[in-house]
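Asker: Sharing a structure below in structure tokens format, with a few things to ask.
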2 protein chains.
Amino acid sequence: MRRQSAVQKPEISTRDRILNAAVLRFSRRSYEETGLRDIAADVGIDVSYVHRCFGSKKRLFAEAVEAAIRPVHLPTSGTGEVACSLAQQVFARDATRSHGNIGPLDIVVRSFASEDAARVVRQFILKDFINPLAEKLDQPAASRATLIAAFLAGVRIFRNVLRIAPLFKAERSELEGLIANVIEEMMKVDPVAQGHRRLTG
Amino acid sequence: MRRQSAVQKPEISTRDRILNAAVLRFSRRSYEETGLRDIAADVGIDVSYVHRCFGSKKRLFAEAVEAAIRPVHLPTSGTGEVACSLAQQVFARDATRSHGNIGPLDIVVRSFASEDAARVVRQFILKDFINPLAEKLDQPAASRATLIAAFLAGVRIFRNVLRIAPLFKAERSELEGLIANVIEEMMKVDPVAQGHRRLTG
DNA sequence: TGCTCCGGTCAACAATCGTTGACATAGATC
DNA sequence: GATCTATGTCAACGATTGTTGACCGGAGCA
């Protein structure tokens, strides 16, 4: 019924509306807790059409992850700027999808536990975050980049999923300062000279 | 049929066998992916008895978390020792429940996505980890302790749940060195003096 | 007019889930 | 022996899930 209304209205397609609804749902609840019927109800259509558009729940989820994430912005300048930028981005919420405090990261961190979802998420984290970041780091670059990713994911989980009080209520600028410092530490410290010193026993 | 067999054999109760099986299942799969029938099958009994013993799936999960976790060991000495100890414990696997690479932390990090499970997990993290750790830290102690917890959780998730290659395959001692350093940094750096310097713009 | 394709609905499938209540068995107690 | 209670089993409930196939209205085309 909702055909191109006379003129050239951009008029987002039903498929994209499903995708948007899916991103929001998957960002707020776990993969299993989110039903296709919920998503269909958001758009105002029947479940079967969701399935017809995307083939399966797993594929819809994969497309939702791909649609939600956007490339992480990594400044080309020194380590300090990179650290600060990452610290800010971990708190960023999505500008366009401004419902609640949902950001593009949340759909990723919500979906670790389920095997179906984890496969999708793992690929994204490696390709779109760890690998680009590792190019900016000293050896062992891959380990450093992964630890940074794990830290950011942990912070986002504690703050937005578990809603642990100290991270949920604390002043954002204070946290950003702490986090930026930690990230900078992860980027530059030599593990052999400083890290192993206490680990012999 | 399995009464105290004549003498004083310790003979673990069926209830505890259910609990053990639940810990393993919940550590390996998400809360929703784990069915009561799977747990019952592990023990070799009927589903209904699982339900009769624990009242509901949610309560069984809560008891499983409580049974799986054990108090984190915090050395009383300096920050360096605490950092090293935490770095080692994040890689520790459970000695008694030695199936696979399952450790007491995994049931926690597997289950944060589901709301039912998150409520249980949140309480444990605050009471048994963040609060004891915060007593050893400078202000803002709660924020620091929570960031450390988030970091450790992130590392465990990336390594044991997502199985991200760099953390999954890297040399353990190398990672421990990096992690211990990062934790020490989180414990002692003054956020106002060092953290805010770049965040004014 | 007739045909076909797109966008979408409707009803139902088979499976799985947590949950419930009725019933069985075996010791312990009286 | 009769009764009670702990330890289980069995069968089924109602709800929800992802999934499937039949169907339908309207637009475009010949």
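Asker: Mind listing whichever residues of the range A:164-175 are of a type in the set (D, E, K, R) and under 22 Å from B:Phe129 (Cα atoms)?
Answerer: Across the range A:164-175, the qualifying residues are A:Lys169, A:Glu171, A:Glu174.
Asker: Sticking with this one: Report yes if B:Ala113 is part of a loop (DSSP other than H, G, I, E, B), small (Gly, Ala, Ser) and within 11 Å of another protein chain (Cβ to nearest Cβ), otherwise no.
Answerer: The answer is yes for B:Ala113.
Asker: For B:Phe168, all conditions in the list (1) more than 7 Å from chain A (Cβ to nearest Cβ); (2) not in a helix (DSSP H, G or I) hold save one; what is the number of the exception?
Answerer: Against the list (1) more than 7 Å from chain A (Cβ to nearest Cβ); (2) not in a helix (DSSP H, G or I), B:Phe168 comes up short only on (2).
Asker: Additional query: Going residue by residue through the range B:68-79, is there one that turns out to be within 16 Å of DNA strand C (Cβ to nearest atom), under 23 Å from A:Ala150 (Cα atoms) and either touching a residue at least 24 places away in the same chain (Cβ under 8 Å) or among the acidic types (Asp, Glu) (or both)?
Answerer: Within the range B:68-79, not a single residue is within 16 Å of DNA strand C (Cβ to nearest atom), under 23 Å from A:Ala150 (Cα atoms) and either touching a residue at least 24 places away in the same chain (Cβ under 8 Å) or among the acidic types (Asp, Glu) (or both).
Asker: It is to be established whether one or more residues within the range B:157-164 are open to solvent by 40 Å² or more (accessible area, probe 1.4 Å), assigned to a helix (DSSP H, G or I) and out of contact with any Phe, Trp or Tyr (no Cβ under 9 Å at 6 or more places or on another chain).
Answerer: No, there is no match, as no residue in the range B:157-164 is open to solvent by 40 Å² or more (accessible area, probe 1.4 Å), assigned to a helix (DSSP H, G or I) and out of contact with any Phe, Trp or Tyr (no Cβ under 9 Å at 6 or more places or on another chain).
Asker: Here is a follow-up. Which one of these does B:Ala22 not meet: (1) within 12 Å of DNA strand D (Cβ to nearest atom); (2) within 25 Å of B:Phe158 (Cα to Cα)?
Answerer: Only one criterion in (1) within 12 Å of DNA strand D (Cβ to nearest atom); (2) within 25 Å of B:Phe158 (Cα to Cα) is unmet by B:Ala22, namely (1).
Asker: So, one more: Would you mind finding the one in B:Asp106, B:Asp128 that is more than 10 Å from chain A (Cβ to nearest Cβ) and within 24 Å of A:Ala117 (Cα to Cα)?
Answerer: B:Asp106
Asker: Just one of the numbered conditions (1) in contact (Cβ under 8 Å) with a residue 24 or more places away in the chain; (2) open to solvent by less than 20 Å² (accessible area, probe 1.4 Å); (3) over 16 Å from B:Ala149 (Cα atoms); (4) over 13 Å from the mean Cα position of the chain (by Cα) is not true of A:Ile179; which one?
Answerer: Status for A:Ile179: all satisfied but (3).
Asker: Also, I was wondering about something else. Within the range A:31-41, which residues are closer than 16 Å to A:Glu63 by Cβ and either more than 22 Å from the chain's Cα centre (by Cα) or within 7 Å of DNA strand D (Cβ to nearest atom) (or both)?
Answerer: Passing the criteria: A:Thr34, A:Leu36, A:Ala40.
Asker: Would you mind stating whether B:Val120 is within 16 Å of DNA strand D (Cβ to nearest atom), open to solvent by 10 Å² or more (accessible area, probe 1.4 Å) and either in contact with a helix residue (DSSP H, G or I) (Cβ under 7 Å, 6 or more places away or on another chain) or not β-branched (Val, Ile, Thr) (or both)?
Answerer: Criteria not met by B:Val120.
Asker: Output the number of residues of the range A:1-28 satisfying the condition of being more than 16 Å from DNA strand C (Cβ to nearest atom) and modelled with pLDDT of 50 or more.
Answerer: Of the residues in the range A:1-28, 6 are more than 16 Å from DNA strand C (Cβ to nearest atom) and modelled with pLDDT of 50 or more.
Asker: Restricting attention to the range A:63-75, and to residues there that are under 13 Å from the mean Cα position of the chain (by Cα) and among the aliphatic types (A, V, I, L, M), which single residue is farthest from DNA strand D (Cβ to nearest atom)?
Answerer: A:Val72
The values are calculated or read from the model by the stated rules, or taken from the named source; none is laboratory data. Nothing here was measured: the structure is a model prediction, and the numbers come from that model. All Cβ positions, even for glycine, are placed from backbone atoms using ideal geometry, and neighbour counts span all protein chains on display. We work out accessible area using only protein heavy atoms, side chains counted, and drop any ligands, DNA or RNA first. Shrake-Rupley method; radii C 1.70, N 1.55, O 1.52, S 1.80 Å.
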